[in-house]
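Below: the structure, in structure tokens.
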């Protein structure tokens with residue numbers, strides 16, 4: 001296994017101006033962008049200001065096109081299977097609302113599904129008469145593939161899960177779900193927002209038909225960026241809920257033709273500076289090595305869990321056997337929002353994950369507001385100890 005060297009970590013931190021003023025453990029919210037991302041976006045915006053928006057995008061056409069190649073390399077797809085979006089929620093919605101449901105159809109999802117996705121299921125269920133069913137968890141509170149397979153019948157029209165939920169450190173068995181989906185020919189939509197940038201992704205091995213992710217989290221890209229993967233063999237059978245003159249071509253008074261690639265899910269207008277920043281962030285991660293990133297994230301998260309578990313009154317609320325770099329905890333004497341506020345006064349960034357983020361999981365585990373600390377590869381063990389020392393003082 002390859003590891004990040006101390007020299008590499010020093011270089012990465014020099015590339016990350018934010019580490020000089022903050023200890024940033026909110027990478028599951030929005031990571032600190034590396035300087036090349038910032039420089040690339042500013043440079044592009046300066047060209048827009050100098051020569052015009054249309055002219056700048058034409059001048060940078062080849063660079064903007066390479067963003068599709070970079071994302072395809074990141075997830076093991078073809079570039080024609082990638083669509084860019086203004087955020088991951090929109091990418092997910094474009095995928096989900098392209099599907100058709102009828103009364104009696106079944107949508108299968110997880111206990112730890114993100115609330116925004118579940119709201120979309122509820123809306124479609126209300127409109128169409130489809131039902132939403134939750135796949136039981138195994139003894140470690142991860143999705144149970146055996147239980148999933150027992151639920152399969154001819155009425156199942158979609159399996160839609162979150163790979164790495166917003167809190168709890170859980171990694172659901174995405175590839176096992178894919179094996180079952182392929183076996184029975186059921187469409188499979190995977191939310192990979194918290195996975196992209198912190199662990200390897202290979203859509204062929206996973207077996208998903210659609211996958212969505214964001215740029216702002218572990219990929220270290222700008223806010224307002226995301227992408228959608230749609231498997232080429234699946235693409236031909238679905239149509240976006242909304243189209244414009246970029247995603248389709250008007251072929252006659254009463255007819256139109258969709259693009260043949262995944263960009264049928266895009267619209268003509270876009271934030272090209274942000275797209276370019278996303279591409280630079282993806283290239284930055286690829287150059288470093290996703291395997292090395294994953295190893296470093298796991299090392300820091302494990303150290304953080306050990307340190308927090310040793311603090312009186314602090315409970316680590318993570319679940320599953322195979323844990324991601326998202327560490328959730330409570331302090332018996334301090335509310336999560338007050339903990340975040342007091343850490344912020346010491347220039348330490350964390351976030352709060354409320355029960356409304358994952359309502360089914362929160363209800364099942366009776367969760368309060370959770371403090372969420374999410375280390376990334378540019379963090380250090382010293383920063384982990386700075387965080388835990390502060391938590392110890394605040395929780396006392």
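The values are calculated or read from the model by the stated rules, or taken from the named source; none is laboratory data. Because the structure is predicted, anything quoted here is derived from the model rather than measured. All Cβ positions, even for glycine, are placed from backbone atoms using ideal geometry, and neighbour counts span all protein chains on display.
Some notes on this structure:
- In the stretch 126-135, the qualifying residues are those that are surrounded by fewer than 21 Cβ atoms within 10 Å (Cβ to Cβ) and touching a strand residue (DSSP E or B) at 6+ places or on another chain (Cβ under 8 Å), and the one that is farthest from residue 188 (Cα to Cα) is 131.
- Within the stretch 147-172, restricting attention to residues that are touching a helix residue (DSSP H, G or I) at 6+ places or on another chain (Cβ under 6 Å) and assigned to a loop (DSSP other than H, G, I, E, B), the residue that is nearest to residue 330 (Cα to Cα) is 166.
- Residue that is surrounded by the most Cβ atoms within 10 Å (Cβ to Cβ), among those in the stretch 318-335 that are in contact with a strand residue (DSSP E or B) (Cβ under 8 Å, 6 or more places away or on another chain) and assigned to a loop (DSSP other than H, G, I, E, B): 325
- The residues of the stretch 254-275 that are touching a strand residue (DSSP E or B) at 6+ places or on another chain (Cβ under 8 Å) and either not in a loop (DSSP other than H, G, I, E, B) or not assigned by TED's automatic domain parsing to the domain that holds residue 228 (or both), listed by number, are 256, 257, 258, 262, 263, 264, 265, 275.
- Exactly one residue out of 302, 307, 338 is part of a helix (DSSP H, G or I) and surrounded by 17 or more Cβ atoms within 10 Å (Cβ to Cβ): that is 307.
- Selected residue (criterion: nearest to the chain's Cα centre (by Cα)) from residues of the stretch 101-115 that are under 25 Å from residue 146 (Cβ atoms) and assigned to a loop (DSSP other than H, G, I, E, B): 114
- Per the listing 118, 68, the residue uniquely assigned to a helix (DSSP H, G or I), in contact with a strand residue (DSSP E or B) (Cβ under 9 Å, 6 or more places away or on another chain) and without any contact (Cβ under 8 Å) to a residue 40 or more places away in the chain is 68.
- Each residue in the stretch 71-100 was checked for being farther than 20 Å from residue 205 by Cβ and assigned to a helix (DSSP H, G or I), and 8 pass.
- Within the stretch 353-382, the set of residues being under 14 Å from residue 24 (Cα atoms) and crowded, with 20+ Cβ neighbours inside 10 Å comprises 371, 372, 373, 374, 375, 376, 377, 378, 379.
- Residue satisfying condition, being in contact with a helix residue (DSSP H, G or I) (Cβ under 8 Å, 6 or more places away or on another chain), modelled with pLDDT of 95 or more and at positive phi, within set 289, 224: 224
- Scanning the stretch 19-35 for residues that are surrounded by fewer than 16 Cβ atoms within 10 Å (Cβ to Cβ) and outside any loop (DSSP other than H, G, I, E, B) gives 20, 35.
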